[in-house]
Amino acid sequence: MNNKKSLLQRAAAAPHIVWSVLFIIAPLIFVIYYAFTDSEGKFTFENIANLSQPSYLEIFLRSVCFAFLATIICLVIAYPIAYFITKASPKTQKILIMLVMLPMWMNFLIRTYSWMALLEDSGIINTVLGFIGLGPIHMINTEGAVILGMVYNFLPYMILPIHSVLSKIDTRLLEAASDLGCNHFQVITKVVFPLSIPGIISGITMVFVPSISTFYISQKLGGGNFDLIGDTIERQFQTAYNYNLGAAMSFILMILIIISMTIMNKYADDDGGVII
């Protein structure tokens, strides 16, 4: 009976194992192989060494800065929204969550093109500003437009985990804090916020990782004026056909993401709590 159960367990896990090998492990092996070989397949560190050039260092620094700013803005916007949703009635919460997720039901490219129509010099926003005598304002193809695109596309990934944690906080803790003399602001800062840090850490990870690796947003909203890591990697594979250098950049990006996730997860214990 135990052997039969064990066979069934292995059979049930087989599709997951095959999927992991084909779409996770195999691509990582290819990236590492090309990153440390030249065009002839010989082992080399030249691809990694080339990334120390000032132009590439500037791209990496810009990508980290843009992703950091987008993550901070998402956090500032998402926390009050998540808190407001948590305080709403169950029926209203479902509606608000649906509204948060609604943009995610549309194609990523359509959402980005929509912002192009809004931000262009002759776009909807400038048309309205010109009508009231305040425009036009040049917004497209700027750093702010790229960061705005990141914030818009990845904001739901910050709201949802924070809301998930806030909704699980025991209301008796809030009542106890009030009974002990805390006002509403102190309850939020001394009880709600510390207990919501696991959701904040999860949200930061879910926003920072796609932000630092994005490329389409910077191409369309930045007009190609601000190269990010994703843009440079895509160019190496699509136009320069330098797979080895592109793989080296992908490898370094992967290391950056692992480091950032390790730093964030350092502050969360095994039970999802927070080490303070």
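The values are calculated or read from the model by the stated rules, or taken from the named source; none is laboratory data. Quick caveat: nothing in here was measured; it's all calculated off a predicted structure. Neighbour counts run over all protein chains shown; Cβ positions are idealised from the backbone, glycine included.
Computed values, structure above
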{"read-out": "The range 201-227, residues that are closer than 19 Å to residue 35 by Cα and outside any helix (DSSP H, G or I)", "value": "none"}
{"read-out": "Filter result for the condition that a residue is crowded, with 19+ Cβ neighbours inside 10 Å and either in a helix (DSSP H, G or I) or modelled with pLDDT under 90 (or both), over 259, 233", "value": "233"}
{"read-out": "Lone unmet requirement of (1) within 12 Å of the chain's Cα centre (by Cα); (2) among the small types (Gly, Ala, Ser); (3) in a loop (DSSP other than H, G, I, E, B) for residue 133", "value": "(1)"}
{"read-out": "Qualifying residue in the range 74-85 (condition: under 29 Å from residue 158 (Cα atoms), of a type in the set (A, V, I, L, M, F, W, C), surrounded by fewer than 13 Cβ atoms within 10 Å (Cβ to Cβ) and within 18 Å of the chain's Cα centre (by Cα))", "value": "yes"}
{"read-out": "Qualifying positions in the range 29-73 - β-branched (Val, Ile, Thr), under 29 Å from residue 201 (Cα atoms) and either buried (at least 18 other Cβ atoms within 10 Å of the Cβ) or touching a residue at least 60 places away in the same chain (Cβ under 8 Å) (or both)", "value": "31, 32, 59, 64, 71, 73"}
{"read-out": "Number of the condition not met by residue 183 [criteria: (1) out of contact with any Phe, Trp or Tyr (no Cβ under 9 Å at 6 or more places or on another chain); (2) at pLDDT below 90]", "value": "(2)"}
{"read-out": "Sole residue being touching a residue at least 24 places away in the same chain (Cβ under 8 Å), of a type in the set (Val, Ile, Thr) and over 30 Å from residue 63 (Cα atoms), chosen from 92, 127, 86, 112", "value": "86"}
{"read-out": "Meets criteria (modelled with pLDDT under 85, out of contact with any Cys (no Cβ under 7 Å at 6 or more places or on another chain), more than 30 Å from residue 144 (Cα to Cα) and not acidic (Asp, Glu)) for residue 275", "value": "yes"}
